[in-house]
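The numbers here are math on the coordinates, done by the rules we state, and not lab data. Please read these numbers as outputs of a predicted model, since none were measured by experiment. Heads up, the Cβs are rebuilt from the backbone with ideal geometry, glycines too, and the neighbour counts pull from every protein chain shown.
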Amino acid sequence: MLMKKFAGTKIRFALQSVLTPTAASSFRLPMSQNTPHLPRLRAFVQQFTRLIDSRPDEPRLLREGRTLLAALVAHDDWLPAELAQPHPEHYQQYLLYADAREDFSVVSFVWGPGQATPIHNHTVWGLIGMLRGQERSQPYAQDPAGRWLPSGPAHELHPGQVDAVSPRIGDVHRVSNVLADRVSISIHVYGANIGAVMRSVFLEDGTEKPFVSGYSNQALPNLWDRSAEVRAGLVR
């Protein structure tokens, strides 16, 4: 669909950094490690790196990646508190990890009560694992007139469940926190450094606006300090 230009209209994708410069360029390393179970995330990153390095086709990547992410979100004891903070006006997108080749990134989405996105796409594959609370994803598709309409039933995710998106299987949806009285958190894995990917938000009439999401954090969790484990193995 050709990009439609429209004057005087602002579409705010519910991220602090959507239409402002991304904070990703000013990361400070490391973030304080305030949970003893952060190695769960490190193990997930290592396992997913091995999967990516095996150069799987997308069906295999989503199938095996779904299993890895389900194992990670089966435990709600590893996400640092700094990366689980809601915002009163819009949801937060915190970068947890991006590999050096930008082949994949891991992100925590923190939803305040009742918060939601507009209709949007990703342009790359993605896996969504529910860590805390409840999330609803409503797929959308265009009709012959170019309007975006709900397509099929909404997908509701509960803790431990995993969903997938991609241009091949369906890439456009609207996501919301089902809970009106508490925070929900989902862990996403994307086939790119998702905060730097040019994407689009859509109005139901087909109007399209580009956006780049960026990230809400300026520091990353320190996954690579294994000194305590090494010291434990010292011969005394």
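Structural remarks
- Placing +1 on the Cβ of every Lys and Arg and -1 on the Cβ of every Asp and Glu, with no other charges, gives region 79-236 a dipole of roughly 360 debye about its Cα centre.
- Computed [θ] at 222 nm, deg cm²/dmol, the chain (DSSP H ≥ 4; -39,500 (n - 2.57); rounded to nearest 500): -5000 deg cm²/dmol
- Karplus-derived 3J(HN,Hα), 6.51/-1.76/1.60, for each residue of region 50-65, Hz, glycine and proline x: 4, 5, 4, 5, 7, 6, x, 6, 4, x, 5, 4, 5, 5, 6, x
- Given R0 = 41 Å, the distance between the Cβ atoms of residue 222 and residue 143 translates into a calculated FRET efficiency of 0.25.
- Fully extended contour minus Cα-Cα distance, from residue 123 to residue 230, at 0.36 nm per residue: 34.4 nm
- Subtracting the Cα-Cα distance of residue 181 and residue 154 from their residue separation scaled by 0.36 nm leaves 7.7 nm.
- Shape category assigned to the chain from the gyration tensor of Cα positions, a/c cut at 1.5: prolate
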